[in-house]
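Undergrad: Questions regarding the structure given below will be posed in turn.
Every number in this text was worked out from the coordinates using simple rules, so none of it is lab data. Please read these numbers as outputs of a predicted model, since none were measured by experiment. Neighbour counts run over all protein chains shown; Cβ positions are idealised from the backbone, glycine included.
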Amino acid sequence: MSTELFDLSGKVAIVTGTSRGLGQFFGRALVNAGADLVITSRSLKSLDAFKKEIEYVTGQTMLVDGGIATGSIRALPAQKNERKRT
């Protein structure tokens, strides 16, 4: 199978629930396909190890406090724009 079908270079992927399990699995798959990753979970503490793992591979990742229910996902476009300016 050609990996060109799954080239996500220059794209941003938002993965919720990345403190464990399927969230981490899909986060790794998206990074391996070239995506920049935004990770979120209800507990920032539980994301530390995964954030370090992703940063080791890509050199960057964006961490957002809170799960889907907190409404923090709605603020992501503004946060991404702010990050580009710095």
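Undergrad: Across 10 Å bins from the origin, how do the percents of Cα pairs in segment 1-54 run, short distances first?
TA: 27, 51, 19, 3
Undergrad: Add +1 for every Lys or Arg and -1 for every Asp or Glu among the other residues with Cβ under 15 Å from the Cβ of residue 27, and state the total. Present the calculation step by step, with values, prior to reporting the outcome.
TA: Working: positive: 11, 20, 28, 51, 52; negative: 36, 48, 53, 55.
Residues close to residue 27 contribute a combined charge of +1.
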